[in-house]
Amino acid sequence: MEKEAGPVTAEARPDGPWDEVPAPGRGERDGAGVGVAPRTAGAERTAPRAAEIYRDVHDSPAFREVRRRYRRFVFPAAIAFLLWYLAYVVAATTAPGLMARPVAGAVNVAMAAGLGQFLTTFLLTWAYARHARLRRDRAALELRWDTQEMTRGAVR
Amino acid sequence: MTGDHQTLALLLFSAFVAVTLFITTWVGRARQGSAEEFYAGGRLFSPMENGFAIAGDYMSAASFLGISGLIALFGYDGMLYSVGFLVAWLVVLLFVAELVRNCGRFTLADVVAARMAERPVRTALGASSVTVSVLYLVAQMVGAGSLVALLLGGTSDAARSWTVVGVGALMVIYVSFGGMRATTWIQIVKAVLLMAGAVALTVLVLARFHGDVNALLDAAAQRSGHGKDFLAPGLRYGGDWTSRLDFISLGVALVLGTAGLPHILSRFYTVPTARAARHSVVWSIGLIGGFYLMTIVLGFGAAALVGSAEVRASNASGNTAIPLLALDLGGGEGSTGGTVLFAVVAAIAFATILAVVAGITLASSASVAHDLYASLRRPGRRKYGEVAVARVAAVGIGVVAIGLGLLAQNLNVAFLVGLAFALAASANLPALLYALFWRRFTTRGAVWAVYGGLVPAVVLVLVSPVVSGGPTSLFPDVDFQLFPLENPGLVSIPLGFLAGWLGTVTSPEPPDEAKHAETEVRALTGAGAA
């Protein structure tokens, strides 16, 4: 809380190969700020409480869209990789015959499945990072600024 | 182990200690302690730096020596550890890293307590975090002790005990003088060393087989004495149903435990934003995945080049497979190359243990000062600065870990680590996930989730074959064993989730909708993040 300025500058600076510009035409930028505006509008109004602001942002379509995108990716992906991992562990302990079947040369099903776990982990990591960068980051950032702008004058 | 090895290994190890002490004093100069600085290192590390530091925090000696050793002895069954340790990072990446960075300031309890009555939740999570950390610490200390005994010759108990004391004292110095900034740099140095060592050995192994992995596997299967069975599951965990269930229990604990480890979670606070936290996890998954792939090559390489029987003769649990492999790759016993490689590997293993120990000590001192002291301090008593308390706590935890490390010297390191993972998954993970994703979660639910996972996990371990009733138990002479599995995860993790649910639905207070809205907005957007 003490360092409001630090994150701001750091966020603006590209810091890795993930930070390409999001693909054009996705339209998150315009959608993001709109639904959140009402509380800042009335100048006569006494400053709203921070809790109300968070409530409003929480109910705004822009936030719901960010949350929906996050959950639509994360929950199915998590179920998939956990099931795949569990199947792998259970098969290793209950079906050694199947796992010992040769595939190519000295490599058998078990070995291939183990390496497959590595591969799927890398792939899912890449897919998640890409999804977050293209589908979520910009909208989330806009919401962050809007929210912080509104809470600046708010009563805690 | 000849004198040459020892001298060179000691020299290299002293160099590492000197470098890290220099780092500690260098980054600690003229930075007198804000909590921000001590716990989070100023929050301005880059994703790449933090990714290396996370990898350094995670790849303990148990990974480097333990997994390769298990593969050298049991072939495929050892590889299952590598897979579990890596896949666990997906849980961290998808559910934890960004949201924790956005919602918390220094510890795990920050995230959960933000929605709840602060005091009981903080106390519960502080207690469970310290318990997990101390167990993990003891594992590292035990590992340090046996490593010294094995690598520097002289299996005398005195040498072991002094190593444990020395390692403990060093880490307390690192942590209390350097805080998070020094600890992070030590992790980075260690991660680079460890990766370089692993890459060098892997290249040498593959070069020996002219890059033909098939030939490597065939040779490993042949020299292991098990033939083709060596490459398939079942050598270690293929016995009765108890051992199979035990393995599944371990597998579940490994994959869910990482996301509840306090010293891993606190690493996300050292970067400026949630996006940087995500990128650091991507870096660390790349590093950790590459490293575990190499441990597989090294394990099979040790089986093929050194031979399973020789590995077992040197150390019954396989911990010396990698040093022996290094000796062989360098040209064998007595050659200069062998001596140098052996010493380098030994020094890297020490560096690994030291760095991991420093990371955990820092995280647990944060739990003591930021969570336990802050919530248990009697109002009206004199209030000490949080950082001062954390420094004292680091010393206290160091003493406790040294004491337990001396007591537990004969326990298996990999087992202790598995236990710490099971505790983290049972006590910390349910509360964390509920707090982040469940609208109706209440204070009672949070407290029940923590104790409902922690207490069964600890009790089940106490009545397990690890403590009593078997030839390899801590107390082989008495028998109060009631629970057949060594790892409690399969039972205690669901109990933790169940207790959290039960506490929430029986809770008389309504859930705080406004706080939930705030948590969700902050978690996903980063608004108001520290």
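The values are calculated or read from the model by the stated rules, or taken from the named source; none is laboratory data. Note that the structure is a prediction, hence the values are computed from the model and not measured. So basically every Cβ, Gly included, is an ideal-geometry build from the backbone, and we count neighbours across all protein chains shown.
Hey, could you check the stretch A:60-93 for residues that are of a type in the set (Gly, Ala, Ser) and more than 9 Å from chain B (Cβ to nearest Cβ) and say which is nearest to B:GLY78 (Cα to Cα)? Reasoning before the result, please.
Initial filter on the stretch A:60-93 (of a type in the set (Gly, Ala, Ser)): A:60, A:62, A:77-78, A:80, A:87, A:91-92.
Those left that are additionally more than 9 Å from chain B (Cβ to nearest Cβ): A:60, A:62, A:80, A:87.
Working: A:SER60: 50, A:ALA62: 48, A:ALA80: 24, A:ALA87: 17 Å.
This residue is A:ALA87.
Quick one: how many residues across the stretch B:231-244 are facing chain A (nearest Cβ under 8 Å) and over 17 Å from A:VAL109 (Cα atoms)? It would help to see each step written out before you state the result.
The initial filter retains those residues of the stretch B:231-244 that are facing chain A (nearest Cβ under 8 Å), namely B:231-234, B:237-238, B:244.
Among the residues that remain, those that are also over 17 Å from A:VAL109 (Cα atoms) are: B:237, B:244.
So the count comes out to 2.
Tell me, which helices (runs of 4 or more DSSP H) lie completely within the stretch B:204-281 with 2 or more residues that are more than 24 Å from A:THR93 (Cα to Cα) and at pLDDT below 90? Even if it seems obvious, please write down each step before you answer.
Numbers: elements: B:213-224, B:241-257, B:262-265.
Filter on the stretch B:204-281 gives B:213-224.
Assuming A:LEU115 fulfils every condition listed in (1) over 17 Å from the mean Cα position of the chain (by Cα); (2) hydrophobic (A, V, I, L, M, F, W, C); (3) loosely packed, with under 15 Cβ neighbours inside 10 Å apart from one, which condition is it?
It fails just one condition, (3).
Considering only the stretch A:94-109, state which residues are within 7 Å of another protein chain (Cβ to nearest Cβ) and loosely packed, with under 14 Cβ neighbours inside 10 Å.
A:GLY105
Got a number for residues in the stretch B:93-121 being part of a helix (DSSP H, G or I), of a type outside the set (A, V, I, L, M, F, W, C) and within 14 Å of chain A (Cβ to nearest Cβ)?
Applying the first criterion (part of a helix (DSSP H, G or I)) to the stretch B:93-121 yields B:93-103, B:108-113, B:118-121.
Now drop any that are not of a type outside the set (A, V, I, L, M, F, W, C), which leaves B:98, B:101-102, B:110, B:118-120.
With the extra rule that they be within 14 Å of chain A (Cβ to nearest Cβ), the set shrinks to B:98, B:101-102, B:110.
The qualifying residues number 4.
Any residue in the stretch B:141-158 that is assigned to a loop (DSSP other than H, G, I, E, B), within 14 Å of chain A (Cβ to nearest Cβ), within 24 Å of B:LEU70 (Cβ to Cβ) and touching a residue at least 12 places away in the same chain (Cβ under 8 Å)? Working first, answer last.
Of all residues in the stretch B:141-158, those assigned to a loop (DSSP other than H, G, I, E, B) come to B:152-156.
Right, trim to within 14 Å of chain A (Cβ to nearest Cβ) and you get none.
Checking the stretch B:141-158: not a single residue is assigned to a loop (DSSP other than H, G, I, E, B), within 14 Å of chain A (Cβ to nearest Cβ), within 24 Å of B:LEU70 (Cβ to Cβ) and touching a residue at least 12 places away in the same chain (Cβ under 8 Å).
Being touching a helix residue (DSSP H, G or I) at 6+ places or on another chain (Cβ under 8 Å) and farther than 23 Å from B:ALA139 by Cα is the filter here, so list the residues in the stretch B:321-336 that pass it.
Of the residues in the stretch B:321-336, the ones touching a helix residue (DSSP H, G or I) at 6+ places or on another chain (Cβ under 8 Å) are B:321-333.
The answer is B:LEU325, B:ALA326, B:LEU327, B:ASP328, B:LEU329, B:GLY330, B:GLY331, B:GLY332, B:GLU333.
Can you tell which of B:LEU11, B:LEU73, B:LEU90 is surrounded by fewer than 24 Cβ atoms within 10 Å (Cβ to Cβ), of a type in the set (A, V, I, L, M) and assigned to a helix (DSSP H, G or I)?
Details: B:LEU73 fails: surrounded by fewer than 24 Cβ atoms within 10 Å (Cβ to Cβ); B:LEU90 fails: surrounded by fewer than 24 Cβ atoms within 10 Å (Cβ to Cβ).
Being surrounded by fewer than 24 Cβ atoms within 10 Å (Cβ to Cβ), of a type in the set (A, V, I, L, M) and assigned to a helix (DSSP H, G or I) holds for just one of B:LEU11, B:LEU73, B:LEU90, which is B:LEU11.
Could you check the stretch B:500-518 and list, in sequence order, the residues that are surrounded by fewer than 17 Cβ atoms within 10 Å (Cβ to Cβ) and within 14 Å of chain A (Cβ to nearest Cβ)?
B:GLU513, B:ALA514, B:LYS515 - these are the residues of the stretch B:500-518 that are surrounded by fewer than 17 Cβ atoms within 10 Å (Cβ to Cβ) and within 14 Å of chain A (Cβ to nearest Cβ).
Failed condition for B:ALA117, given (1) within 22 Å of B:PHE421 (Cβ to Cβ); (2) over 18 Å from the mean Cα position of the chain (by Cα), with all others met?
All conditions are met except number (1).
So which of A:ALA112, A:ALA140, A:ALA91, A:ALA154 is modelled with pLDDT of 85 or more and more than 21 Å from B:ALA221 (Cβ to Cβ)?
Values: A:ALA112 fails: more than 21 Å from B:ALA221 (Cβ to Cβ); A:ALA91 fails: more than 21 Å from B:ALA221 (Cβ to Cβ); A:ALA154 fails: modelled with pLDDT of 85 or more.
Going through A:ALA112, A:ALA140, A:ALA91, A:ALA154 in turn, the sole match is A:ALA140.
When you scan the stretch B:29-51, do you find a residue that is surrounded by fewer than 24 Cβ atoms within 10 Å (Cβ to Cβ), aliphatic (A, V, I, L, M) and farther than 24 Å from B:VAL356 by Cβ, even just one?
Within the stretch B:29-51 (the criterion being surrounded by fewer than 24 Cβ atoms within 10 Å (Cβ to Cβ), aliphatic (A, V, I, L, M) and farther than 24 Å from B:VAL356 by Cβ), the answer is yes, since at least one residue qualifies.
Of all helices (runs of 4 or more DSSP H) completely enclosed by the stretch B:410-480, which ones contain at least 2 residues that are over 24 Å from B:GLY66 (Cα atoms) and either modelled with pLDDT of 90 or more or under 25 Å from the mean Cα position of the chain (by Cα) (or both)? Before you say what the answer is, go through the steps one by one.
Details: elements: B:413-423, B:429-437, B:443-462.
Ranges flagged: B:429-437, B:443-462.
Can you name the condition, by its number, that B:VAL83 falls short on among (1) among the aliphatic types (A, V, I, L, M); (2) more than 30 Å from A:ARG69 (Cα to Cα); (3) under 21 Å from the mean Cα position of the chain (by Cα)?
Just one mismatch for B:VAL83, condition (2).
Among the residues of the stretch B:255-267, write down those that are farther than 20 Å from A:PHE122 by Cα and either within 11 Å of another protein chain (Cβ to nearest Cβ) or not small (Gly, Ala, Ser) (or both).
If we filter the stretch B:255-267 for residues that are farther than 20 Å from A:PHE122 by Cα, which is where we start, we get B:260-263, B:265-267.
Result: B:LEU261, B:PRO262, B:HIS263, B:LEU265, B:ARG267.
Restricted to the stretch A:146-156, and to residues that are in a helix (DSSP H, G or I) and surrounded by fewer than 17 Cβ atoms within 10 Å (Cβ to Cβ), which residue is farthest from the chain's Cα centre (by Cα)? Spell out the reasoning first.
Here is the first cut: in the stretch A:146-156, the residues in a helix (DSSP H, G or I) are A:146-152.
Filter once more, keeping what is surrounded by fewer than 17 Cβ atoms within 10 Å (Cβ to Cβ): A:149, A:152.
On the way: A:GLU149: 23, A:ARG152: 26 Å.
Applying the filter and picking the extreme gives A:ARG152.
Which of the numbered conditions does A:THR151 fail, given that it passes all the others? Conditions: (1) facing chain B (nearest Cβ under 7 Å); (2) more than 30 Å from B:GLY234 (Cβ to Cβ); (3) free of Cβ contacts under 8 Å to residues at least 40 places away in the same chain.
(3)
Could you list all residues from the stretch B:116-129 that are in contact with a Ser or Thr (Cβ under 8 Å, 6 or more places away or on another chain), more than 16 Å from B:GLY104 (Cβ to Cβ) and either crowded, with 24+ Cβ neighbours inside 10 Å or among the small types (Gly, Ala, Ser) (or both)? Walk me through it before giving the result.
Step one: of the stretch B:116-129, the residues in contact with a Ser or Thr (Cβ under 8 Å, 6 or more places away or on another chain) are B:116-123, B:125-126, B:129.
So of that shortlist, the ones also more than 16 Å from B:GLY104 (Cβ to Cβ) come out as B:117, B:119-120, B:123.
The one that is in contact with a Ser or Thr (Cβ under 8 Å, 6 or more places away or on another chain), more than 16 Å from B:GLY104 (Cβ to Cβ) and either crowded, with 24+ Cβ neighbours inside 10 Å or among the small types (Gly, Ala, Ser) (or both): B:ALA117.
For the stretch B:273-288, which residues satisfy the criterion of being buried (at least 23 other Cβ atoms within 10 Å of the Cβ) and over 20 Å from A:ASP137 (Cα atoms)?
Selection gives B:SER284, B:ILE285, B:ILE288.
Give the stretch B:51-92 a look and list any residue that's over 30 Å from B:ALA220 (Cβ atoms) and more than 11 Å from chain A (Cβ to nearest Cβ), or say none. So that I can check it myself, show each step before the final result.
Going through the stretch B:51-92, the residues over 30 Å from B:ALA220 (Cβ atoms) turn out to be B:51-54, B:57, B:91-92.
Passing the criteria: B:PHE52, B:ALA53, B:ILE54, B:ASP57.
State yes or no: is B:VAL130 at pLDDT 90 or above and either within 12 Å of chain A (Cβ to nearest Cβ) or within 16 Å of B:HIS263 (Cβ to Cβ) (or both)?
Working: at pLDDT 90 or above: yes; either within 12 Å of chain A (Cβ to nearest Cβ) or within 16 Å of B:HIS263 (Cβ to Cβ) (or both): yes.
Judged against the criteria, B:VAL130 is a match.
List pairs: first residue in the stretch B:314-342 and closer than 16 Å to B:ALA196 by Cα and modelled with pLDDT of 85 or more, second residue crowded, with 21+ Cβ neighbours inside 10 Å and of a type in the set (S, T, N, Q) anywhere in the structure, Cβ distance under 6 angstrom, at least six positions apart or on different chains.
Once the first residue is closer than 16 Å to B:ALA196 by Cα and modelled with pLDDT of 85 or more and sits in the stretch B:314-342, its partners that are crowded, with 21+ Cβ neighbours inside 10 Å and of a type in the set (S, T, N, Q) give B:ILE322/B:SER68.
Could you pull out the residue among B:LEU235, B:LEU305, B:LEU245 that is over 30 Å from B:ALA394 (Cα atoms), in contact (Cβ under 8 Å) with a residue 60 or more places away in the chain, in contact with a His (Cβ under 8 Å, 6 or more places away or on another chain) and surrounded by fewer than 24 Cβ atoms within 10 Å (Cβ to Cβ)? Let's see the steps before the verdict.
On the way: B:LEU305 fails: in contact with a His (Cβ under 8 Å, 6 or more places away or on another chain); B:LEU245 fails: in contact with a His (Cβ under 8 Å, 6 or more places away or on another chain).
Result of the check over B:LEU235, B:LEU305, B:LEU245: B:LEU235.
Of the residues B:THR270, B:THR295, only one is of a type in the set (Ser, Thr, Tyr) and within 21 Å of B:LEU137 (Cβ to Cβ); which?
Details: B:THR295 fails: within 21 Å of B:LEU137 (Cβ to Cβ).
Exactly one of B:THR270, B:THR295 is of a type in the set (Ser, Thr, Tyr) and within 21 Å of B:LEU137 (Cβ to Cβ), namely B:THR270.
Restricting attention to the stretch A:110-125, which residues are at the interface with chain B (Cβ under 7 Å from one of its Cβ atoms) and not hydrophobic (A, V, I, L, M, F, W, C)?
Here is the first cut: in the stretch A:110-125, the residues at the interface with chain B (Cβ under 7 Å from one of its Cβ atoms) are A:110-111, A:114, A:117-118, A:121-122, A:124-125.
Within the stretch A:110-125, A:GLY114, A:GLN117, A:THR121, A:THR125 qualify.
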